[in-house]
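Following: one structure in structure tokens, then a few remarks.
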Amino acid sequence: VGPDLSQIGRIRDPRSLLEAVVFPSSTIVPDYRQFVIATSSGTIHTGMIVRDDADAIYLRTAELAEIRVARSEVEDMKESSVSIMPQGLEKTMSSQELSDLLEFLYQRR
């Protein structure tokens, strides 16, 4: 769902990689921002816009589902300030695992 990380070490230093993991919503790459769409039926959809046309907006959710929302049903649409990357990822790892992850990402050049 997120950006290609195969060369992330070229554009991010270790400190900014750590920040991206610990505070994923502090900087969101524009192409990967989420939108929240409220429909006239009261349903709320959240995801990245992967396609839109005259009839519908297509969202991809964090679970990789694609949702079609008819434009005629859109009551409100806002850009989300929350990253699609889950908050608290660093809490699921030991200090060594986090260090290894950051080193791995930094070496992607």
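Okay, here's what the table says:
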{"item": "Counted charge near R108, where neighbours are those whose Cβ lies closer than 11 Å (Asp, Glu -1; Lys, Arg +1)", "result": "+1"}
{"item": "Under-5 Å amide H pairs with F35, H placed in peptide plane, nonlocal only", "result": "G47, M48, I49, S80"}
{"item": "Carbon and sulfur %, accessible surface of the chain computed with the full protein complex present, 1.4 Å", "result": "51 percent"}
{"item": "Degrees separating the helix 95-106 axis from the principal Cα axis of the chain, which is the longest one", "result": "80 degrees"}
{"item": "GluC sites (Glu not before Pro) within segment 23-98: DSSP coil, no more than 10 neighbouring Cβ in 10 Å", "result": "E63"}
{"item": "Accessible area expressed per residue, segment 46-109, with surrounding protein chains retained (probe 1.4 Å, Å²)", "result": "69 Å²"}
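The values are calculated or read from the model by the stated rules, or taken from the named source; none is laboratory data. Keep in mind the model is a prediction, meaning the values are calculated, not measured. Methodologically, a virtual Cβ is constructed for each residue, glycine included, from the backbone with ideal geometry; neighbour enumeration extends over all protein chains shown. Please note that ligands, DNA and RNA were not included when accessible areas were found on the heavy atoms of the full protein model with its side chains. Shrake-Rupley method; radii C 1.70, N 1.55, O 1.52, S 1.80 Å.
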